[in-house]
Amino acid sequence: MPTFVYMTRCDGCGHCVDICPSDIMHIDKTYRRAYNIEPNMCWECYSCVKACPQHAIDVRGYADFAPLGHSVRVHRDEQKGTIAWRIKFRNGTEKNFLSPITTKPWGQCIPKLADVPAPTKEQRDSQLLFSEPKYIRLDEGDIHTLKAAGLKLRKGVSY
Amino acid sequence: MLTSNPYAAISGSLPEGFMKWYIALMIVSVIVGTLWDVIHKGSAKYFFANLGKKAPREVSGGEVVAIAIKTGLIDVATSKEFCTQSRRFAHLLTMYGFILYLVTTILMVFSYPTAATPAPDLVLTLWWVGALMVCVGGYWFWFFIRVDVAAEGGSPFRLMKADLFVLSLIASNTLALIWALAGGGVGVIFWLYLLAHTVLFVGVPWSKFAHMFFKPAAAFEKRISEANGSNENLPFETRDDPEQQKRHSMELLQNAPMNMGLGIKREAPRHY
């Protein structure tokens with residue numbers, strides 16, 4: 001289900017070109033608008049559809065399983081931290097979804113790696129990765145086991 | 001210099017009414033070119049087909065007028081569609097500059113064609129201001145904002161068909177300024193000036209000149225689809241709707257601020 005661009009909506013801002021993981025969204029050399037240069041290589045990840053500020057990109061379903069009349073459109077509202085989907089089936093059924101894409105304001109919870117002290121020689125030679133063992137809770141008394149937690153594994157299936 | 005009418009200086013060297021006929025011819029070629037573009041691309045057919053589509057809600061005549069006014073004031077007059085502020089500003093400079101330049105040129109040619117009918121200082125000044133605005137906005141766009149230059153790192157001097165409109169616009173206004181600075185008259189610069197304008201106005205079917213007619217139509221169509229509830233099949237649920245806040249999926253955002261700030265738009269799209 002490759003993407004395609006409504007040329008009259010596109011303003012050639014380049015957000016889709018920037019975000020495409022397959023690098024197939026390019027700027028057309030005649031109209032200076034975005035277009036999918038290789039629909040066969042589209043992952044259908046919807047990244048460009050969500051990133052487009054003009055809603056100029058849509059996804060065309062293959063005719064064998066998504067014949068005429070269907071529609072799957074999305075609005076990623078970063079300001080409100082939500083993503084909304086509107087699914088129209090060709091029998092007239094319509095479904096609407098609204099989900100969060102972040103729970104905290106953008107850019108506030110990015111680790112400031114520049115402020116973190118550089119690793120010592122021992123840390124470099126160690127097998128532990130950055131922020132370990134803290135983030136895998138190994139600094140709270142070795143590996144967390146059932147025994148350490150005072151639990152027992154029962155035989156059989158229990159609910 | 002700023003107070004002399006460059007079109008008055010050519011009145012003795014060219015047949016009477018030459019510039020008037022030239023402007024009339026250019027207006028006709030823009031109309032013909034745009035109509036040809038409309039027929040060739042089928043844009044009008046799809047525009048009216050979209051307007052005629054069945055929608056959940058009927059939009060009244062009064063609403064259509066209000067939407068048309070809103071489109072004119074917001075989408076056209078302030079170029080709202082641009083999400084990048086520098087592009088928007090450059091576009092506004094070029095757009096208003098071109099309008100000023102065009103109107104004052106027509107005034108100077110039709111109302112003040114000879115030295116015996118001196119043009120008012122205001123008209124002359126606005127002609128200069130308009131041409132300068134086109135040059136500032138145009139060169140800014142050409143060297144710094146164009147997506148294949150700013151983002152793809154292409155050379156600003158690499159030309160392609162998409163550049164026909166911008167290049168002919170910049171060239172025509174730059175040559176107009178050079179021609180006026182040289183005192184007007186009929187010489188090589190004058191004929192180059194006419195050539196650049198001819199390319200700009202006759203090249204409508206091959207350039208994006210007609211976007212000034214298509215874009216307002218597309219913006220109007222978008223606003224109509226929002227008003228009639230079809231919304232181009234786009235979702236209409238938003239988090240600020242109290243009904244939507246009751247959704248289970250919105251539980252995690254109950255205490256979150258309504259404005260989460262900018263996401264990917266915190267950085268300009270130039271990472272490719």
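What follows draws every value from the coordinates through simple rules; no lab data is involved. Predicted model, so just to flag it, every value in this text is computed and none were measured. All Cβ positions, even for glycine, are placed from backbone atoms using ideal geometry, and neighbour counts span all protein chains on display.
With Cα atoms defining each centre, region B:63-96 and region B:161-205 are spaced 26 Å apart in the structure.
With the dipole of the protein assembly as shown worked out from charges on the C-beta (+1 for Lys and Arg, -1 for Asp and Glu) around the Cα centre, which of A:Met1, B:Ser79, B:Leu262 lies farthest toward the positive end? Ranked along the dipole, the leading option is A:Met1.
By the Cβ rule of 4.7 Å, the protein assembly as shown holds the following cysteines without a possible disulfide partner: A:Cys10, A:Cys13, A:Cys20, A:Cys42, A:Cys45, A:Cys52, A:Cys109, B:Cys83, B:Cys135.
Note on chain A: dipole from Cβ charges, positive end direction compared against A:Cys10, A:Tyr62, A:Trp85; the farthest Cα belongs to A:Trp85. Of the residues A:Ile110, A:Thr30, A:Gly156, the one whose Cα sits farthest toward the positive end of the charge dipole of chain A, with +1 on the Cβ of Lys and Arg and -1 on the Cβ of Asp and Glu, is A:Gly156. Classified by the C-alpha gyration tensor, region A:43-159 has an oblate form. Its axis ratio a/c, with a ≥ b ≥ c, is 1.5 or above, and a/b does not exceed b/c.
For region A:122-135, backbone phi angles converted through the Karplus equation (6.51, -1.76, 1.60; θ = phi - 60°) give residue-by-residue couplings of 4, 5, 5, 7, 6, 7, 6, 8, 4, 6, 8, x, 4, 6 Hz, Gly and Pro being listed as x.
For region B:40-56, backbone phi angles converted through the Karplus equation (6.51, -1.76, 1.60; θ = phi - 60°) give residue-by-residue couplings of 4, 7, x, 5, 5, 4, 6, 4, 6, 5, 5, 5, x, 5, 5, 10, x Hz, Gly and Pro being listed as x.
With a cut-off of at most 15 other beta carbons within 10 Å, and DSSP calling the residue loop, which trypsin sites (Lys or Arg not before Pro) in region B:141-201 qualify? Please list them. Write down the numbers at each step before the final one.
Numbers: sites: B:Arg146, B:Arg158, B:Lys161; in loops: B:Arg146, B:Arg158.
Of the trypsin sites (Lys or Arg not before Pro), the ones in loops of region B:141-201 whose Cβ has at most 15 other Cβ atoms within 10 Å are B:Arg158.
Which of rounded, prolate or oblate describes the protein assembly as shown when judged by the alpha-carbon gyration tensor and an a/c cut-off of 1.5? Because a/c hits 1.5 or more and a/b exceeds b/c, the protein assembly as shown counts as prolate. How fast does region A:3-100 diffuse by Stokes-Einstein, in µm²/s, taking the Kirkwood radius from C-alpha pairs at 4 °C and 1.567 mPa s? Answer from the Stokes-Einstein relation: 91 µm²/s.
Once you charge only the Cβ atoms, +1 for Lys and Arg and -1 for Asp and Glu, what is the size of the charge dipole of region A:72-125 about its Cα centre, to the nearest 20 debye? Kindly include the intermediate steps, with their values, before the conclusion.
Values: 11 positive and 6 negative charges, 90 e Å.
So the magnitude is around 440 debye.
The HN-Hα couplings worked out from phi for region B:3-10 by the Karplus form 6.51 cos²θ - 1.76 cosθ + 1.60 (θ = phi - 60°) are 10, 10, 8, x, 6, 6, 6, 9 Hz, whole numbers, x standing for Gly and Pro. In summary, the aspartates and glutamates within cross-link reach of A:Lys80, defined as a Cα separation below 17 angstrom excluding same-chain residues under 8 places away, comprise B:Glu237, B:Asp240, B:Asp241, B:Glu243, B:Glu251. For region A:1-89, the set of chymotrypsin sites (Phe, Trp or Tyr not before Pro) satisfying both a DSSP loop assignment and a count of at most 13 other C-beta atoms within 10 Å is given as A:Trp43, A:Tyr62, A:Phe65, A:Phe89. In region B:21-153, the convex hull through the Cα atoms has an average projected area of 12.4 nm², a quarter of its surface area.
Taken about its Cα centre, region A:10-131 carries a charge dipole of roughly 380 debye when the Cβ of each Lys and Arg holds +1 and the Cβ of each Asp and Glu holds -1.
Here's the list of lysines a cross-link from B:Lys70 could span, going by alpha-carbon distance under 20 Å and ignoring same-chain residues fewer than 8 apart: B:Lys80, B:Lys215, B:Lys222.
Mean 1/r over all different Cα pairs, inverted: what Kirkwood radius does chain B give, in Å? Please list the in-between numbers first.
Details: mean 1/r = 0.0455 Å⁻¹.
After inverting the pairwise mean of 1/r, the radius is 22.0 Å.
By the rule of a C-alpha distance below 18 Å, with chain neighbours fewer than 8 residues away ignored, the lysines paired with A:Lys155 are A:Lys147. Between B:Glu63 and A:Lys29, the modelled labels are 4.6 nm apart [label points 7 Å from Cα along Cα→Cβ]. Proximity of backbone amide H atoms, modeled 1.01 Å from N, is registered between A:Asp11 and no other residue at under 5 Å, excluding neighbours fewer than 5 places apart on the same chain.
A simple spin-label model places the labels of B:Ile39 and A:Tyr6 2.7 nm from each other, with each point 7 Å out along Cα-to-Cβ.
Backbone amide hydrogens, once placed in the peptide plane, bring A:Thr82 within less than 5 Å of A:Asp77, A:Ile101, excluding anything fewer than 5 places away on its chain.
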